[in-house]
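Trainee: Could you have a look at this structure, given as structure tokens, before my questions?
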Amino acid sequence: MNSKMSRRDFVISSAAAGLAASAPITAKGQARVGKPGNRVKPVVVASSNGFTMKNGGRFNCVETAFERIVKGEDVLDALIAGVNIVELDPEDASVGYGGRPNADGIVQLDSCCMHGVKKQAGGVAALEGVRTPSLVAKAIMEHTDHHLLVGEGAQNFARNLGFEIEDDLNTEKSRRQWLEWKRRIDPEHYLDPAKRLEAGRKAGLDMLRDGVISENEYYGTINCNGVNPDGEICGVTTTSGLSWKIPGRVGDSPILGAGLYVDGAAGAAGSTGRGEANLYGLCSFLIVEEMRRGQHPKDAGMEALQRIKDNTIEPRLLNERGNPNFNVNFYVLDRMGRYAGVSIYAAGDDSRYAVCTENGAEHAMLEPLLEGSA
């Protein structure tokens, strides 16, 4: 590849070659690309870290996945190759290696994947010692009759299939930030349960306000969904979960219908943000069902966000305006290649998501349900 070629030019040239190779041929022998009634223009959407993280390489998650898709690789394989970049990047504190540890300082990882064409899925939760839980989730999909393995059983399964099991997935950075959190919540060693819960939550919010961590890292996660020129859709979500969570806590990310849902006849949706709020309504499933009824991805995503808002009634989860005091984002794609990124709130430059089309990668703004911030 020409050393002067930009990332954007590389993606565009790869897309053009892939689309031309796979496009229908007219009676005159000319390829038709992107016209109504013909093949879908491929697209990959992901959470913001699908654009920002590269693990020291040249290409990010969505660029990597898109390039592989237009070259004809299986869509799920392409998406997992993309999220592996983020899982392996020690600078991303929300996913994989160097992800945020739990309250005991142990990194426990969750992931799931769904294949829209094969109608197959796999997931893993509370997995320790494997940097790429998305690959273990895919192995569960391919090698078992099950959708979800957890904890020690998931680790044993991974070991039996030849995955490297490491003693500790913390990096110096993740361990240092865990120690900072521990010092803030437990200055007198132990508190009673009510005080400890409040202290832990306050410490996390204080660290957000102090700039020690970002909101994206506090909740974690990368979701990535894609469609190829044949309209074949897949998705994957992977995370280290809520920062300093109770050991064994599992959020929405590995749960089919919550952190991810894919139906090859309708579309795909995945999430980041407060997992418990998403779990209550199985909102990724809701979004896909709305698209099945003909809704645009943006409108389907907004329906789910409104459902979360309506279901949030506990005072501890409400701000002074009576709205949720947390955020949830959805990344949505239908089988026609239409896409959207939506959020309860989208305040500031951090409120972005990743998308890659034949025009290259973009760090697009999320569209909010509500004004202001959580």
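The numbers here are math on the coordinates, done by the rules we state, and not lab data. Remember, it's a predicted structure, so these values are computed and weren't measured experimentally. Every residue, glycine as well, gets a Cβ built from its backbone with ideal geometry; the counts of neighbours run over all protein chains shown.
Trainee: What is the local net charge at Glu172, summed over the other residues whose Cβ is closer than 13 Å to its Cβ (Lys, Arg +1; Asp, Glu -1)?
Mentor: Surrounding charge for Glu172 is 0.
Trainee: Next question, about the same structure. Quick one: of Lys118/Lys309; Lys41/Lys298; Lys71/Lys138; Lys138/Lys309; Lys71/Lys119, which pairs are farther than 26 Å apart, Cα to Cα?
Mentor: Lys118/Lys309; Lys138/Lys309
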